[in-house]
Amino acid sequence: MGYGIWLVILGVLGAANLIIAKRPDAADAIAKLTPYQGWIGALSALGGVIGIVMSILGIGLLSIAPILWITSLGGAVLQAALGLLLGVGVIKSFIKDPAAQAKMDETIAKLAPKQGVLGLVAIAFGIWVIVANVLFTAAAAAA
C-alpha cells in the first residue's frame, strides 16, 4: 500500500501544473512537497530501475500472477521515468561523465513533454495499487 501512496505523491509532483490549473486550492499542498522534489525523484528513479530489473528477473511470475507482474513492471517504469524527470538535478550532481550527462539530457528531452500525462497515469496507477492491495489481501485472508 505504501508503494501506491508513493506513486500518487510522485504523480502529483509530475502533474503539478495540470493539477493546479484545475484546482488552484491544491497549490499550497503541492508547494509543501516541492522542496523535496529532487530527492524524491532521484530515489524514485533508483527504485524504479531496481523494480524493472526485479520484474524482468521475476518474469516467471507472469504465468502465475499476471496482474501482479504487470502492476509491478508498470509501476516500476512509471517510477523510473517520473523519478528521472523530477530528480534530474540531484542525479546529475552524482554523475561526472560528460557523455552520461549528455545521454541523460537527451532522455529528459524526450520525456519532458509527457511529464504531466505520466504524472496523471502515476496517480491512477498508484490508486490501482492501493485498491489491488486491499482486494488481494482481503481475498487471501478469506481463502
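Readers should treat all values here as calculations from the given coordinates under stated rules, not as data from a laboratory. The model shown is predicted, which means the values in this text are computed figures rather than measured ones. Neighbour counts are summed over all protein chains in view; Cβ atoms, including those assigned to glycine, are modelled from backbone coordinates with ideal geometry.
Based solely on its DSSP helices, what 222 nm [θ] is calculated for the chain when runs of n ≥ 4 H residues each add -39,500 (n - 2.57) and the sum is averaged over all residues, nearest 500 deg cm²/dmol? -28500 deg cm²/dmol, from helical runs alone. Per residue, the average separation of C-alpha pairs within less than 8 Å and at least 6 apart gives the chain a relative contact order of 43 percent. Extending 7 Å from Cα along the Cβ direction at D105 and again at D25 yields two label points whose distance is 4.3 nm. Highest mean packing comes first when the peptides 74-83, 94-103 are listed by Cβ atoms within 10 Å, giving 74-83, 94-103.
Once each part is reduced to its C-alpha centroid, what is the distance from region 17-69 to region 74-106 in angstrom? Here the answer is 14 Å between Cα centres.
Amide H contacts of A65: none lie under 5 Å away among residues 5 or more positions distant or on a separate chain (H built 1.01 Å from N in the peptide plane; Pro and chain starts excluded).
Within the chain, helices built from complete DSSP H runs that reach 24 Å or longer along their own axis (Cα positions) and carry a mean Kyte-Doolittle hydropathy of -1.0 or higher are 37-57, 66-94, 115-142. Its Cα centre serving as origin, the chain has a Cβ charge dipole (Lys and Arg +1, Asp and Glu -1) of approximately 120 debye. Under the classification rounded if a/c is under 1.5, otherwise prolate if a/b is larger than b/c and oblate if not, where does the chain fall, given a ≥ b ≥ c as square roots of the Cα gyration tensor eigenvalues? Oblate, since a/c reaches 1.5 and b/c is not below a/b. Label point of I67 set 7 angstrom out along Cα-Cβ; within region 100-143, amide nitrogens under 20 Å from it belong to 122-143.
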